Amino acid sequence: MLTQTPASTAFLISYARAFLATKDQTLWNMARGIAKGNDLGDIGEEPGKDLQLNFATTNDQTFSIFALIDLYGGTNNTDYLNLARVIGNNLVKNKFHHGYFTPSPSHMYASFDVIEPYALLALDAVIKGTPEKVPTFINGSGFAQGEYQFPNGTVRTINDDYLYTRE
């Protein structure tokens, strides 16, 4: 049996981009619902109009920043950028530990391919009016894997799952 779960902001960016490309109102309605469900408030009856954004949100998701950058690009409504700034501040407050972006302060290693710095860089470029200086986010990710010899001489293939989840 399928279990209903809330749609993350990874879906928000997809629906927002699909709407901006097609102008299909069903896609916009889905984007609105996803934004509300992720504590962003109402992104508008129509893009850029009648916004009731939640500037007190605790959302700290990078996909939220990228989606709001896209919505700003499609509407020029600076409220989307202002909400993205709030989320960027939350991101730094909640995920920037010991000079790196990690899931918690107790994590031993920082992944070199997290998208948090990229989201902040993209937001900064848009705020400064130079979005073309940062490549468009296309929702990909890197992967690291290799052989590691432990102090006891055993060799194991190590990948992202092993390294970046250790506390």
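The values are calculated or read from the model by the stated rules, or taken from the named source; none is laboratory data. Keep in mind that this is a model prediction, so the values were computed, not measured. Neighbour counts are summed over all protein chains in view; Cβ atoms, including those assigned to glycine, are modelled from backbone coordinates with ideal geometry.
Just checking, does the range 37-59 include any residue being in contact with a Pro (Cβ under 7 Å, 6 or more places away or on another chain) and either surrounded by fewer than 17 Cβ atoms within 10 Å (Cβ to Cβ) or free of Cβ contacts under 8 Å to residues at least 12 places away in the same chain (or both)? Steps first, please.
Initially, the range 37-59 is screened for residues in contact with a Pro (Cβ under 7 Å, 6 or more places away or on another chain), giving 37.
Next, only the ones that are either surrounded by fewer than 17 Cβ atoms within 10 Å (Cβ to Cβ) or free of Cβ contacts under 8 Å to residues at least 12 places away in the same chain (or both) stay: 37.
Scanning the range 37-59 turns up at least one residue that is in contact with a Pro (Cβ under 7 Å, 6 or more places away or on another chain) and either surrounded by fewer than 17 Cβ atoms within 10 Å (Cβ to Cβ) or free of Cβ contacts under 8 Å to residues at least 12 places away in the same chain (or both).
Residues in the range 105-120 that are touching a Phe, Trp or Tyr at 6+ places or on another chain (Cβ under 8 Å), outside any loop (DSSP other than H, G, I, E, B) and touching a residue at least 24 places away in the same chain (Cβ under 8 Å): how many?
Residues in the range 105-120 being touching a Phe, Trp or Tyr at 6+ places or on another chain (Cβ under 8 Å), outside any loop (DSSP other than H, G, I, E, B) and touching a residue at least 24 places away in the same chain (Cβ under 8 Å): 3 in total.
Search the range 81-104 for residues being more than 14 Å from the chain's Cα centre (by Cα) and not in a loop (DSSP other than H, G, I, E, B), and hand back the single one that is nearest to residue 46 (Cα to Cα).
Restricting to residues being more than 14 Å from the chain's Cα centre (by Cα) and not in a loop (DSSP other than H, G, I, E, B), the top hit is 82.
Residue 10 is checked against (1) modelled with pLDDT under 95; (2) outside any helix (DSSP H, G or I); (3) aliphatic (A, V, I, L, M) and fails just one. What number does that condition carry?
(2)
Which residues, counting only those in the range 28-45, are out of contact with any Lys or Arg (no Cβ under 9 Å at 6 or more places or on another chain) and either over 13 Å from residue 80 (Cβ atoms) or basic (Lys, Arg) (or both)?
Within the range 28-45, 28, 29, 30, 32, 33, 34, 36, 37, 38, 39 qualify.
Please determine, by comparing only the residues of the range 122-147 that are farther than 18 Å from residue 10 by Cα and surrounded by 13 or more Cβ atoms within 10 Å (Cβ to Cβ), which one is modelled with the lowest pLDDT.
144
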